[in-house]
Amino acid sequence: ECPRRKVNCQYCHDRGEHEFIEGQHKEECPKLPLACPNKCEVGTVPREDMEAHRKKCPLEMIQCDYHNVGCEVRMARKDQVKHKKEKMEDHLMMMQLRLAKTESKLESTEKRVSKLESIEKRVSRLEVMVEQRFEKRVNRLEVMMQQMVISGERQEELLVSTRWFLHLSSVAASCDQVCPVIVKMTQFSKQQQGNARWYSEPFYTHKKGYKMCLRVDAAGNGRGEGTHLSVFLYLMKGPHDDELRWPLREKFEVKLLNQISDSEHYRVSCSYDNAHSYSAGRVVKHDRAEGWGFDKFISNEDLHKNCAKYHFLKGDCIFFRLCKV
């Protein structure tokens, strides 16, 4: 018979020349029945369904659920439950060894914290804070050990979170800073209970620029009193005021920083384009002008909310990043 005669594939019903259908097409036909490589009782499975079948085939060889903590046993899927029951003590020992390695990594990070004490007096209490955080995390890991496998991803999250916290504290410790600048407010609960006004160290909008500072009312101010954190920017007398243009006409971004990663920050823009003259004009009589900012910067509910993606208030301190837009 002619090899170029038109025929239909008996499985997917595609039409083509006999030579093509029986050759190249059969090598890729999605409906072609294939034998399960595990020789399970299902027998044959269409090629397009084979991948899904192997994900649930009882004879498919799989890794133990505890392979992340060291169990290298491979078994048929149908034997998984039996293996977990028989090797329960072995799996617990593996998790204990993994926990010991995690504690070693945490201790190593703690040593790095102690070296940062010499950078600035403001970091002197950081070692105690980090040690407390580590102790809480170790306790949590001990509880998790009874409930789930401690994955490598979770360990990495702990180390990344600690590195970011140390970076924030290190940057915030430097003085005479120029935007973008990070400032750190400590003893937040004490500031909030005492209804105090907290002022940051001065910073500059740019080199030889406007001198400014940040004010934070932990208990709120005006319309935000008792319900929100209030934040204001202040112009100050500066050494370069004679060389600058007045009134100030700049736009700033105030970020409340997430302390567990460099993402998910809370940000608000503050424009001096429509600021009052007594907030944006040159400071003459006093050390600083009237503040310009937000009575309702962030609600207390959002500030204290902690989730897997962000923590704004941590270790009784908060961090702000200020930059020009």
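Amide H neighbours of LEU34 under 5 Å, counting only residues 5+ apart in sequence or on other chains, H built in-plane at 1.01 Å?
VAL45, ARG47
If you stretched the chain out fully between GLU103 and LYS82, how much longer would it get, using 0.36 nm times the residue separation minus the C-alpha to C-alpha distance?
Between GLU103 and LYS82, full extension yields 4.4 nm more.
I'd like the Karplus ³J(HN,Hα) series for segment 184-198: coefficients 6.51, -1.76, 1.60, θ = phi - 60°, whole numbers in Hz, and an x wherever there's a Gly or Pro.
Karplus values, whole Hz, x for Gly and Pro: 10, 10, 9, 6, 4, 4, 5, 4, 5, 5, x, 6, 8, 9, 10.
Describe numerically, in nm with one decimal, the distance between label points set 7 Å from Cα along Cα→Cβ at ASP316 and at ARG112.
Reported label-point gap for ASP316 and ARG112 is 2.6 nm.
Cα to Cα, under 23 Å, and not fewer than 8 places away if on the same chain: which lysines meet these conditions relative to LYS251?
LYS184, LYS207, LYS208, LYS211, LYS237, LYS296, LYS324
If the viscosity is 0.692 mPa s and the temperature 37 °C, what Stokes-Einstein diffusion coefficient in µm²/s follows for segment 1-140 when Rh is the Kirkwood radius over Cα pairs?
Value of D from the Cα-based Kirkwood radius: 156 µm²/s.
Using modelled amide H (1.01 Å from N, peptide plane; none on Pro or chain starts), what sits under 5 Å from the amide H of ILE298, excluding residues fewer than 5 places away?
Those lying under 5 Å, H to H, from ILE298 are LEU229.
What is the Å³ per residue value for the convex hull set by the Cα atoms of segment 26-97?
Taking the convex hull of the Cα positions in segment 26-97, it is 87 Å³ per residue.
Would you mind computing, in nm to one decimal, how far apart the modelled labels at SER269 and LYS190 are, each placed 7 Å from Cα along Cα→Cβ?
The two pseudo-label positions are separated by 3.8 nm.
Under a 5 Å amide H to amide H cut-off, with H placed in plane at 1.01 Å, what residues pair with ALA218 once short-range neighbours are removed?
ALA196, TRP198
Is the C-alpha gyration tensor of segment 216-267 telling us rounded, prolate or oblate? Criteria: a/c under 1.5 is rounded; beyond that, a/b larger than b/c is prolate, otherwise oblate.
Cα axes put segment 216-267 in the oblate bin.
Under 18 Å from the Cα of LYS101, which lysines turn up, not counting those fewer than eight places away in the same chain?
Reachable lysines: LYS111, LYS136.
So if each residue of separation counts as 0.36 nm, and I subtract the Cα-Cα distance between MET61 and ARG288, what length gain in nm does that give?
Taking MET61 through ARG288 to full extension adds about 74.5 nm, to one decimal.
Quick one: if the Förster radius is 56 Å, what FRET efficiency do ASP262 and PHE20 give, using the C-beta to C-beta distance and rounding to 0.05?
0.50
Need one number: the % of Cα-Cα pairs in segment 1-58 sitting beyond the 16 Å mark.
48
Based solely on C-alpha atoms, express the radius of gyration and the Dmax of segment 192-325 in angstrom.
Every Cα atom of segment 192-325 included, Rg and Dmax give 15.4, 49 Å.
Report ³J(HN,Hα) in whole Hz for each residue of segment 307-321, in order, from the Karplus equation J = 6.51 cos²θ - 1.76 cosθ + 1.60 where θ = phi - 60°; Gly and Pro get x.
9, 5, 9, 8, 9, 8, 9, 8, x, 6, 9, 10, 10, 10, 10
To the nearest 20 Debye, how big is the dipole of the chain about its Cα centre, given +1 on the beta carbon of each Lys and Arg and -1 on that of each Asp and Glu?
Taking the Cα centre of the chain as origin, the dipole is about 620 debye.
Bear in mind that the values in this text are calculations on the coordinates, not laboratory data. Quick caveat: nothing in here was measured; it's all calculated off a predicted structure. Backbone-built Cβ (ideal geometry, glycine too); neighbour counts: all protein chains shown.
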